[in-house]
Amino acid sequence: YDILAETLFSGEIAGEPGSFANEIDRLFETMGRVDPLDLLRAPDWLPRLTRIRGRKTMAYFRKIVTDTVKMREAKFKRDPDAVPQDFLTLLLKAEGPEGLTRAEVEDNIITFIGAGHETTARSLGWTLYCLAESPWERNRVEQEIDQVLAREPDPTKWLDAMPFTRAAFDEALRLYPPAPSINREPIEPEMWKDLYIPKHAAVLVMPWVVHRHRKLWDRPDAFLPERFHPGNREKIDRFQYLPFGAGPRVCIGASFAMQEAIIALAIMLSRFRFDTTAETKPWPVQKLTTQPQGGLPMQVTPRQVR
Ligand code: HEM
């Protein structure tokens, strides 16, 4: 969240410190809930407790976003040269009669935070877990990180210099895709091959299912980063591996996330070793993102860097 807040608003957020991050967590808690009445296909006019709670949280969250945009706008009016050239400034510059409306500026901010913060955090947690469960792979990754950090001080070069670390991250995204389902609702009826899809049908493409399909993957449930080593990754079909989706709405933050995740892993794994404990039995649940129910307790020990 700190990385995203720094990139999007250079940390200039309205309200109490920390309140924005807390509100996002609450938003995800409420948005991620499936209401039992929806599962029972109850009529729409029956009030859903989850929706009422969700609306309150959303309204509060939106207020922080509105104030943040206003704060930046005031600063921009005072001295356009004094504002940071970040995502928020660029969005505000795109505002206007020909461009974005204020509501669209705010929607973009909410979408970027919603889509970019939880997903990356979850993917890092699952990668640390997979590596802890495969000490041999973890050794290989730690060695690669130690070697690269010893010779390359520029973090923006690490992604290309660390094929094993990247492969471990890609493989963790396969087993635990942070966005386990991609949803669409057709606005018109569609034919796909011989399948008729009625208007407003719920269409779900599930990376979780595709990524673990026995017809597509050899030993689908095993953590085998070599699938993504150079020479192997090219053999994976484009639509067989969808952690960032595909098509016109593919994740716009994918290369940002990749860069960010490898830097974060390199820093963490160069300094600490992450081990699972007797209590680490993560049960993956889908609450918008793929989350370990009850958290992911791990033992963290400082490493002696060679
Ligand atoms: C490991 C991390 C991430 C994963 C697994 C992920 C996954 C995805 C997926 C699957 C989609 C497509 C959703 C769909 O088709 O309905 C998506 C869209 C999106 N992502 Fe990411 N994402 C990640 C990180 C990020 C980051 C860091 C940002 C922002 C900096 C971001 C911003 C977005 C936005 C704005 C969209 C909507 C794009 C559009 O509709 O045109 N994501 N993401």
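Take the residues in segment 79-114 that are among the β-branched types (Val, Ile, Thr) and either touching a Leu at 6+ places or on another chain (Cβ under 8 Å) or in a helix (DSSP H, G or I) (or both), then tell me which one is farthest from ARG249 (Cα to Cα).
Once the filter is applied, the top-ranked residue is THR89.
Being within 16 Å of the ligand (Cβ to nearest atom), open to solvent by less than 50 Å² (accessible area, probe 1.4 Å) and out of contact with any helix residue (DSSP H, G or I) (no Cβ under 8 Å at 6 or more places or on another chain), is that true of even one residue in segment 176-193?
yes
Between ALA201, ALA121, ALA103, ALA94, which is closer than 30 Å to LEU224 by Cβ and either of a type outside the set (D, E, K, R) or open to solvent by 20 Å² or more (accessible area, probe 1.4 Å) (or both)?
Exactly one residue qualifies, and that residue is ALA121.
Which numbered condition trips up ARG78, out of (1) open to solvent by 50 Å² or more (accessible area, probe 1.4 Å); (2) touching a residue at least 12 places away in the same chain (Cβ under 8 Å)?
The one condition ARG78 does not meet is (2).
Hey, among the residues in segment 262-274 that are crowded, with 16+ Cβ neighbours inside 10 Å and either under 23 Å from VAL205 (Cβ atoms) or not small (Gly, Ala, Ser) (or both), which one's farthest from the ligand (Cβ to nearest atom)?
Ranking the candidates gives ARG273 first.
Restricted to segment 209-244, and to residues that are open to solvent by less than 70 Å² (accessible area, probe 1.4 Å) and within 14 Å of the ligand (Cβ to nearest atom), which residue is nearest to SER134 (Cα to Cα)?
Here the answer is HIS211.
Is it fair to say GLY247 is away from the ligand (no atom under 16 Å from the Cβ), among the small types (Gly, Ala, Ser) and open to solvent by 30 Å² or more (accessible area, probe 1.4 Å)?
No.
Which members of segment 251-261 meet the condition of being open to solvent by less than 60 Å² (accessible area, probe 1.4 Å) and either at pLDDT below 95 or near the ligand (Cβ under 6 Å from one of its atoms) (or both)?
If the condition is that a residue be open to solvent by less than 60 Å² (accessible area, probe 1.4 Å) and either at pLDDT below 95 or near the ligand (Cβ under 6 Å from one of its atoms) (or both), then CYS251, GLY253, ALA257 are the ones that fit.
Can you tell me which of THR280, THR290 is assigned to a strand (DSSP E or B) and open to solvent by less than 30 Å² (accessible area, probe 1.4 Å)?
THR290
The values are calculated or read from the model by the stated rules, or taken from the named source; none is laboratory data. Everything quoted here is computed from the prediction, not taken from an experiment. Virtual Cβ from ideal backbone geometry, glycine too; neighbours counted across all protein chains shown. Only protein heavy atoms, including side chains, enter the accessible area calculation; ligands, DNA and RNA are left aside. Shrake-Rupley method; radii C 1.70, N 1.55, O 1.52, S 1.80 Å.
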